[in-house]
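Report on one structure; see the data block that follows.
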Amino acid sequence: MSEGPVFGVIAAGRAVETNCTRVSDTEFLFELPQASTINHIVIFLTGAVSLPNEYGASVYARWPQMDGGDGHGDWHFLGALTNNKPSAMFRFGQVNHQSASAGKSMFVSGSASAGSVLLGIQITPVAELQQKFTTKMLTNLFNHMQSHVVPMVNPQAPTQSVEVVPIRVVEEWFNKFQHRLKMNPDFWKYC
């Protein structure tokens, strides 16, 4: 990819940021200070350079450690960009800090000031992006179901209980997914 600002970031209420660190030919880092004040971000292709055909950009976030320690936690997959979907908005409040890509060694040189969030962008084949979305979607379903678990007496061992999820919970999730698909048939591809 040639020189020039490939990506831009807007944190709600802040100016456009196009100054990033190029870690490699396929990896870019943005550092946004005062992570605790960021609720929404928009990441976009600037148009100065197109992504190679059949490639997209995976977007990750890495927050300061929640325990107040000095470093940062693991990378969280947020979504993706492609030439056909050149921008995406992410709501940081919805990100599950427990679903980080533990052990990810990407953006190795990425370190940030205390209190800053790192945004990592990695150029990858579109097929990989689709696989990441499938994992993200299934994790979302699992977390939704897990938040509605109900303990019940085990009918085969009445002194024990089992955890069950009412079918309506899965139906609600599925209906919401269907609605989003109806509103935007491509939302699922790289969100």
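Restricting to the range 1-41, name every residue that is open to solvent by less than 60 Å² (accessible area, probe 1.4 Å), touching a residue at least 24 places away in the same chain (Cβ under 8 Å) and assigned to a strand (DSSP E or B). Listed by number, the residues that qualify are Phe7, Gly8, Val9, Ile10, Ala11, Val23, Glu27, Phe28, Leu29, Phe30, Leu32, Ile41.
Scanning the range 150-177 for residues that are open to solvent by less than 100 Å² (accessible area, probe 1.4 Å), without any contact (Cβ under 8 Å) to a residue 12 or more places away in the chain and β-branched (Val, Ile, Thr) yields a count of 2. Residue under question is Thr139, and the condition is that it be under 13 Å from the mean Cα position of the chain (by Cα) and not small (Gly, Ala, Ser); does it hold? Yes; evaluated as a whole, the condition is true for this residue. Candidates are the residues of the range 77-91 that are of a type outside the set (Gly, Ala, Ser) and under 8 Å from the mean Cα position of the chain (by Cα); the one that is most open to solvent (accessible area, probe 1.4 Å) is Phe77.
The values are calculated or read from the model by the stated rules, or taken from the named source; none is laboratory data. Note that the coordinates shown come from a computational prediction; the quantities given were computed from them, not determined experimentally. Glycine also receives a Cβ, built like all others from the backbone with ideal geometry; neighbour counts cover every protein chain displayed. Protein only, heavy atoms only, side chains kept; ligands, DNA and RNA dropped before computing areas. Shrake-Rupley method; radii C 1.70, N 1.55, O 1.52, S 1.80 Å.
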